[in-house]
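Below is a structure I'd like to ask you about.
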Amino acid sequence: MTPPLHPRWLEYKHQRNRCLLICLGGIPAAAAIGLVLPSIAPLAITAWFVASIWFSMKLSYFKCPRCEKPFIISKTRGYNGFTQKCLNCGLPKWSDPAQ
Ligand SMILES: [Zn+2]
């Protein structure tokens, strides 16, 4: 049995899933709105675009549970959305920050 995730990693997981749902799920939703209510399609697409940017930025600035700096952004190492460890302190993703 795997140990439970640290609460901050659960928060990250929820943010990541929410971001994916909005970014990817918004495309078919905007298409469906465009078919059913074409008059509000531009508004729906704009709302989806703004929400996608907002949740992507929020996920990008998720703070590392150990060093409290952005997990995927570093002043010296740049940006890596696919990193498996903190770009600032090296904490592996999903690991216990106390260790
Ligand atoms: Zn860190």
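The values are calculated or read from the model by the stated rules, or taken from the named source; none is laboratory data. What you see is a predicted model, and the numbers here were worked out from it, not measured in a lab. Here the Cβ is made from the backbone with ideal geometry for all residues, glycine too, and neighbour counts use every protein chain on show.
Considering only residues of the stretch 48-71 that are surrounded by 14 or more Cβ atoms within 10 Å (Cβ to Cβ) and of a type in the set (A, V, I, L, M), which is nearest to L87 (Cα to Cα)?
The selected residue is L59.
A follow-up question, please. Would you check which residues across the stretch 61-92 are more than 10 Å from the ligand (Cβ to nearest atom) and in contact (Cβ under 8 Å) with a residue 40 or more places away in the chain and list them?
Within the stretch 61-92, just F62 meets the criteria.
Could you list, in sequence order, all residues of the stretch 18-47 that are surrounded by 11 or more Cβ atoms within 10 Å (Cβ to Cβ) and among the polar types (S, T, N, Q)?
T46 - this is the single residue of the stretch 18-47 that is surrounded by 11 or more Cβ atoms within 10 Å (Cβ to Cβ) and among the polar types (S, T, N, Q).
Oh, and also: Do we find a residue being within 19 Å of Q84 (Cα to Cα), away from the ligand (no atom under 16 Å from the Cβ), assigned to a helix (DSSP H, G or I) and modelled with pLDDT of 90 or more anywhere in the stretch 27-47?
Our first condition is that a residue be within 19 Å of Q84 (Cα to Cα); within the stretch 27-47, this holds for none.
The answer is no, given that none of the residues of the stretch 27-47 is within 19 Å of Q84 (Cα to Cα), away from the ligand (no atom under 16 Å from the Cβ), assigned to a helix (DSSP H, G or I) and modelled with pLDDT of 90 or more.
For the stretch 48-73, what are the residues that are among the acidic types (D, E) and in a helix (DSSP H, G or I)? Can you show your working first?
Start the filter on the stretch 48-73 by keeping residues that are among the acidic types (D, E), which leaves 68.
Those that are among the acidic types (D, E) and in a helix (DSSP H, G or I): none in the stretch 48-73.
Applying the selection to the stretch 55-93, what residues are over 18 Å from R18 (Cα atoms) and of a type in the set (F, W, Y)?
Y79
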